[in-house]
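Asks: First the structure, which I've put down as structure tokens, then a few questions once you've had a look.
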Amino acid sequence: MTRAAGRVRAAVLVGLVLAGAAAVLAWRLTRGSNGLGVRTVVLVTLDTTRADRLGAYGGDSTLTPRLDRLAEEGVRFERCLTTAPITLPAHASILSGLDPIAHGARVNGAYAFDPANPSLAVAMQEAGFRTGAFVSAFPLDQRFGLDRGFDAYDDERHDVEGRPDADGLERRGEATVEAALEFVDEVGSTPLFLWVHLFDPHAPYEAPAPFSKERDDPYDAELAYTDHCVGQLLDGLAARERLADALVVVVGDHGEGLGDHGESTHTIFCYDSTLHVPWLVWAKDRLAPRSIPGTVSVSAVAPTMLDLLDLERPPGMTSRSWAAAARGAGGGPRGGDTTPAYFESKAPEFYYGFAPLSGIEAGGAKLIVAPRPELYRPEVDPGEVRNLFDDEPALAAALKKLHDDHVRRNSTSRGADAALSERAEAQLRELGYVSAGGRGEGDGRDPKDGIRVVEALQEAALRSRDDVPGAIARLEALVREEPEVAEALEVLGDLLAGAGRYEEARERYGRARELRPRNPELYVKEGQVLGDALGRADEAESRYRAALEIDPTHVRARVQLGLLFLRSDRVPAAKRRFDDVLERHPDVVAARIGRAECLLREGNVRLADQDLRHALGVDATHPHALWRVVETCVRLRNLEDALAFEERLRALGDERGWGPEVERELDEARVSRQ
């Protein structure tokens, strides 16, 4: 046999072996040949869910019957702490098996989940599972990076009437469950990993009837509704013969203050009210019912799931797995194991310029690192009202060393810039995540001394959804009481600008800028009011350039400077700004549209059309992009596309027209379609 023939024969044999291996893998997966023998893996994350409100954790036994039944029939971790009392960082920990100091997504909105992080979804996908995610609120929008590894990532949101709306903040749990079950139908019998996120317990508490009528407490009404949605998901899986051989994991992302320690909602403090969450693991006839005492972290969810399934963990997923404890094989957190649970809250620093909080819990003791540190034993002091820091200095010192060692070993420089648009920032603000942030610039006060300010800001932010004048009045009162709070002035400027009170908005931004001279966002906001609304282009340009002196990479400053140049017909200079932004952040819609405008002025319709279509791929309802793409489609003779984009524009209530030539082409296309 010749050497060439030998190579051909070897290649054929290798191909047959690989094909056979793939067939065996597919055969094993369809029959659930993994650690638990399941072909369906379901992760349900419950936003803003306090453990102590569930019947299984000592709460009202009538409030959450479906979750309580899962706890009764499955594995219940008695004391699970989130890594951060805020949505994106907590979910990043759940899906990566890392603490926020490692995965880098440390507050909502400012950061995206870094592609370098390990991912539960990627691991499941590589193991042969179809993967689908169905999330219910803007903080988990795919722009923030958690979509990696999912074949389908459904982050559709709705308006108050339940209609799809890119500017919507959330969608009800029933709609999310319905979308998830439709995906299950599409998958057929293929092995499936499904993540369903339910946001309903988040403020404002607006449960639908009959739940709103059956409960006096609106938060409890939202929990009862969420439990109902979990039941719908489980029943839907059972009807599709997907539940009997399923692994179901339910975990909270964080809790809710409900007034404890002066905090109404979450994001600031690290007390049990916002840290202690439920964690349940259920697999019918595969995992015996048991309760596991001791402290664990939500960062253990991903490694525990993979170990239960006997699937390989991705490199870098370093958190401790509790799979052996879930199987009843020992090794639980009470069995002499001192694995610490780390937690943090960067929101006080980022949003308000206060001191950040962090802490560690191990051996039944919990340390909160703050300007005035706190030490508690939650088992004997569940309300955390007796600070033992001065009474037990040796214990406090030991926990501080454990905390510092953990931070030193696990900290990374990860954390991608999310490059938020104005619309995105407004959406976060309406959910109570108040400002673009002190970004560490402020008085560094202990958050305990600033909670009154936070409460007023969050109250105004939530009120702004349906009562802008009331929100403005509340913030004006706060500014009179606390004239040095730059974040109140910033949010007040946002609301005044939105209400068309531009000179007042400019004045508030200017005052905030004087208090936070190193915050580039304040220069940009003042520049936008000066240039876009007040016609003072030179002053606007000086603000944008000042922002770029502070942060040369600041996305919005570069985009706004480009738009300013475009309005004054400095097209080459404008295009350079947009090119620079898009090289690093290809999904910045304003830069895409701005560059399309430059290209149109240069006569390059085809490239302009590509930019506009890319922008609409990121934000399908952006009215200006829709209006402009109709024109580019007509000029490129893509008339069916032009009509489709026109219909989408009209569905938004936008009645703008085009020039005579475009209108004539559209009229002819409508006639031809008939």
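Asks: Any chance you could tell me what percent of the C-alpha pair distances in segment 300-411 go past 19 Å?
Replies: 56
Asks: Based on Cα coordinates alone, diagonalise the gyration tensor for segment 52-152, multiply each eigenvalue by 5, take square roots, and list the semi-axes in whole Å, largest first.
Replies: Over the Cα atoms of segment 52-152, the semi-axes work out to 27, 17, 13 Å.
Asks: Also, I was wondering about something else. List the residues whose amide H sits under 5 Å from the amide H of HIS254, counting only those 5 or more places along or on another chain, with H placed 1.01 Å from N in the peptide plane.
Replies: It is THR48, THR49, by chain and number.
Asks: Can I ask one more? List the residues, sorted by chain then number, that are 5 or more residues from LEU146 or on another chain and whose placed amide H is less than 5 Å from its amide H.
Replies: Under 5 Å from the amide H of LEU146 lie the amide H atoms of PHE113, each far enough along the sequence or on another chain.
Asks: Using DSSP to call loops (not H, G, I, E or B), can you name the GluC sites (Glu not before Pro) in segment 329-397 whose Cβ has at most 16 other Cβ atoms within 10 angstrom?
Replies: GLU379
Asks: GLU481 versus GLU214, label points 7 Å from Cα toward the beta carbon: distance in nm?
Replies: 3.8
Asks: Here's a follow-up. If you keep only loop residues by DSSP, which GluC sites (Glu not before Pro) in segment 567-674 have at most 10 other Cβ atoms within 10 Å of their Cβ?
Replies: For GluC sites (Glu not before Pro) across segment 567-674 that sit outside H, G, I, E and B with at most 10 neighbouring Cβ atoms in 10 Å, the list reads GLU655.
Asks: Pairs to check: LYS346/LYS525; LYS346/LYS448; LYS401/LYS448; LYS448/LYS525. Give those whose C-alpha atoms are more than 19 Å from each other in this structure.
Replies: Going by Cα-Cα distance, LYS346/LYS525; LYS401/LYS448; LYS448/LYS525 fall outside the 19 Å limit.
Asks: Per DSSP H run of n ≥ 4, the term is -39500 (n - 2.57); total these for the chain, divide by its residue number, and report the mean residue ellipticity at 222 nm rounded to 500 deg cm²/dmol.
Replies: -15000 deg cm²/dmol
Asks: Taking amide H atoms as placed 1.01 Å from N in the peptide plane, list the residues 5 or more away in sequence, or in a different chain, whose amide H sits under 5 Å from that of TRP195.
Replies: Under 5 Å from the amide H of TRP195 lie the amide H atoms of LEU43, GLY132, ALA133, PHE134, each far enough along the sequence or on another chain.
Asks: Sticking with this one: Provide the net charge surrounding VAL248, with neighbours chosen by a C-beta distance below 12 Å and charges set as Lys +1, Arg +1, Asp -1, Glu -1.
Replies: Summing Lys and Arg as +1 and Asp and Glu as -1 gives +3.
Asks: Please compute the per residue accessible area over the chain with all protein chains in place, 1.4 Å probe, rounded to a whole number of Å².
Replies: 40
Asks: Where does the charge balance sit around ARG66 when Lys and Arg score +1, Asp and Glu -1, over other residues with C-beta under 12 Å from its C-beta?
Replies: Net local charge, ARG66 excluded: -4.
Asks: Using DSSP, restrict attention to beta bridges with both residues in the chain and report what percent are antiparallel, rounded to the nearest 5.
Replies: Of those bridges, close to 50 percent are antiparallel.
Asks: For all pairs of alpha-carbon atoms in segment 595-643, what percent lies in each bin of width 10 Å, listed from the first bin to the last filled one?
Replies: 31, 59, 10
Asks: Express in whole angstrom the spacing between the alpha-carbon centres of segment 92-112 and segment 237-269.
Replies: 18
Asks: If you take every residue apart from GLY531 with its C-beta less than 10 Å away from the C-beta of GLY531, what net charge results, scoring Lys and Arg +1 and Asp and Glu -1?
Replies: With Lys, Arg at +1 and Asp, Glu at -1, the net is -2.
Asks: Where q = 0.09 Å⁻¹, what log10 of I(q)/I(0) comes from the Debye formula for the chain, counting one point per Cα?
Replies: -0.83
The values are calculated or read from the model by the stated rules, or taken from the named source; none is laboratory data. What you are looking at is a predicted structure, and each value in this text was computed from that prediction instead of being measured. Here Cβ is always computed from backbone atoms with ideal geometry, including for glycine, and neighbour counts include all displayed protein chains. Areas reflect the complete protein model, heavy atoms only, side chains present, ligands, DNA and RNA absent. Shrake-Rupley method; radii C 1.70, N 1.55, O 1.52, S 1.80 Å.
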